[in-house]
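Since the structure comes first, as structure tokens, the remarks are kept for the end.
Please treat every number below as a calculation from the coordinates, not as lab data. None of the values given here were measured: they were computed from a predicted structure. Here Cβ is always computed from backbone atoms with ideal geometry, including for glycine, and neighbour counts include all displayed protein chains.
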Amino acid sequence: MTDLHELTALDQWNLLQRGEVTPLELADHYLERIEALNPLVGAFVTVTPDAARERAELVRTSVPRSAPLWGLPIGDKDLWQRAGVPTGFGSRLLAGYVPEESDEIVQDLDAAGAVSLGKTGAPEFGLPCYTETLVAPPVRTPWGLERGAGGSSGGAAAAVASGMLPFAPGSDGGGSIRIPAAACGLVGLKPSRGRVPSGSGLESLGGLVVDGPIARTVEDAALLLDGMIARRNGRVDHRFAVVAPGDDRAFLGAAVRGEGRYQLGVMTTSAWDLDYEIDLDPDALAALDRAADEFAALGHGIEQIALTPDPTYGPAFITLWKAGAARIPAEGEAMALLEPLTRWLVEQGRAVGARELGAALAALTAYERSLIRQLSTFDAVLTPALAMTPRPLGWYDAEDAEHNFAQQVQYTPFTSMLNVSGLPAITLPVWQTSDGLPMGVQLIGRPGGEAVLLSLGAQLQRRIHWQDRRPAVWDTANLR
């Protein structure tokens, strides 16, 4: 019999539905893999086997089998609070903190029937695009253990890529789903602002942070997205009057069918081109060419495009990034517990005045309108996912915060502009370097265009079959 972790999440869900495996059996299977693999990969910062087994039995006896994620294991990102489970936010500042209440996204995943196995690693307060903290071992991409998994949903991506989870939820405020998904050879979907009610972006400064799925296949990403959206009796439980465009239908069908012919733009320009020197690695360009060629062979229209440079974007985004750190609860001597990058951001953010912040928000709102207008003639726009191969551990400057930020932008120039604009985007693992490292592409959709992105991703997946690739650590026999 095929090992359970070799199956897609959708296949595992079907086994659960037919009663061929129980939620407890599935949880135990993955807990065994976590025990074997996590010391090597560092994906989980907290594992909760007793709570997971108790939860699996509760799902079996008390949650309707029709729940969209019934019995499927997940991990909670360590930026999300789950009642009774330590939540460290990747920081020494909150060591030992155990929340009494769960965040809404955690509650929605529970209502969907998921079984949490613990907390997946994240960088300090989710600020950097890599997951190397002072409170836990670095999170490594399973494809090259000397390299980082990206961030801030680095632990989630590393867990999925190594087969410690079938899929995993994450959050994305500047690329934090798409970056680790690309670094770990996975599918990562950043939904439209307002799409996921409990992770809509509408409560975060500038509307940047949304929640979405990381998975090995496009279908699994759609399955998890549907679970995160929290439908009740077929209707989305919206918590705001402003929601993503489009209807409330499930997305799994679009991913399974993978239908349609579309007009695609292809570009290598980004919002950061005036602020930093952006050099694209040859493997980033090779991934882009591979995807464009495959889409052309499928009959999609392909047109090369370039963004109009905007000198306001970089300074405005940096102001917002700093201001977002100002609310971190560190005062006085507690500031010394923060990592140098975080401490610098907090200090800089607290010095941002109302006029400066208001001007930055206005500039980014104008950029949102401009970007949507520039991309509006296309059903989707194709870019590299990352400008470089997954970065070696210790590559980012640990002391010079401004240099650190420049490094992050030069690695991930194509992601943050989509958080600013609220557009959906999906990363697809279409390429491997000569050393076996994953490289991906990003597809940007129209507002509310997740179904088109999933359809396009499914078509590309059928041609490339990335879901059949496995890193060496996948087979735990290699560790003996």
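Classified by the C-alpha gyration tensor, the stretch 108-185 has a prolate form. Its axis ratio a/c, with a ≥ b ≥ c, is 1.5 or above, and a/b is larger than b/c.
Other residues whose C-beta falls under 9 angstrom from the C-beta of Val47 contribute a net charge of 0, scoring Lys and Arg +1 and Asp and Glu -1.
When peptides 138-144, 397-403 are sorted by average Cβ neighbour count within 10 Å, with the highest value leading, the order is 138-144, 397-403.
Farthest towards the positive end of the charge dipole of the chain, among the residues Trp395, Asn233, Leu117, is the Cα of Asn233, using unit charges on the Cβ of Lys, Arg, Asp and Glu.
Considering only alpha-carbon pairs that sit under 8 angstrom and 6 or more positions apart, the relative contact order computed for the stretch 369-480 is 28 percent.
For Lys119, the lysines whose Cα comes closer than 18 Å to its Cα, not counting residues fewer than 8 places off in the same chain, are Lys77.
Charged side chains reduced to their Cβ positions (Lys and Arg at +1, Asp and Glu at -1) give the stretch 357-480 a dipole of some 540 debye around its Cα centre. Based on Cα contacts under 8 Å between residues 6+ apart, the stretch 175-300 shows a relative contact order of 18 percent. Kindly work out what percent of the DSSP beta bridges joining two residues of the chain are antiparallel, to the nearest 5. In the chain, DSSP labels about 70 percent of beta bridges as antiparallel. In the chain, Cα pairs under 8 Å separated by at least six residues give a relative contact order of 17 percent. Derived scalar couplings between HN and Hα for the stretch 12-21 equal 5, 4, 5, 4, 4, 5, 7, x, 7, 8 Hz in order, rounded to whole Hz, by the Karplus curve 6.51 cos²θ - 1.76 cosθ + 1.60 (θ = phi - 60°), x for Gly and Pro.
Residue ranges 213-220, 164-171 sort as 164-171, 213-220 when ordered by packing (mean number of other C-beta atoms within 10 Å per residue, highest first). For the chain, the Cβ-based charge dipole about the Cα centre amounts to some 960 debye (Lys, Arg positive; Asp, Glu negative; other atoms uncharged). Using Cβ point charges alone (K and R +1, D and E -1), the dipole size of the stretch 187-243 about the Cα centre works out to roughly 140 debye. In this structure, the amide hydrogen of Val85, modeled 1.01 Å from its nitrogen in the peptide plane, lies closer than 5 angstrom to no residue at least 5 positions away or on a different chain.
Roughly speaking, what is the centre-to-centre gap between the stretch 225-287 and the stretch 106-144 when only Cα atoms are used, to the nearest Å? Result: 21 Å between the Cα centres. Just check the stretch 355-449 against the gyration tensor rule for me: Cα atoms, a ≥ b ≥ c as the square roots of the eigenvalues, rounded for a/c under 1.5, and otherwise prolate or oblate depending on whether a/b exceeds b/c. Oblate shape, in that a/c is at least 1.5 and b/c is the bigger or equal ratio.
Dividing the summed helix terms, -39500 (n - 2.57) for each DSSP H run of n ≥ 4, by the number of residues in the chain produces a 222 nm estimate of -11500 deg cm²/dmol to the nearest 500.
Give the shape of the chain as rounded, prolate or oblate, defined through the alpha-carbon gyration tensor: a ≥ b ≥ c are the square roots of its eigenvalues, a/c under 1.5 means rounded, and otherwise the shape is prolate if a/b is larger than b/c and oblate if not. Because its axes are fairly even, with a/c under 1.5, the chain counts as rounded. A simple rule links phi to the HN-Hα coupling: the Karplus curve 6.51 cos²θ - 1.76 cosθ + 1.60 with θ = phi - 60°, which for the stretch 153-162 gives 8, x, x, 4, 5, 5, 5, 5, 5, 9 Hz, with x for Gly and Pro.
Give me the net charge of Gln81's neighbourhood, meaning all other residues with Cβ under 12 Å from the Cβ of Gln81; Lys, Arg count +1, Asp, Glu -1. Value of the local net charge: -3.
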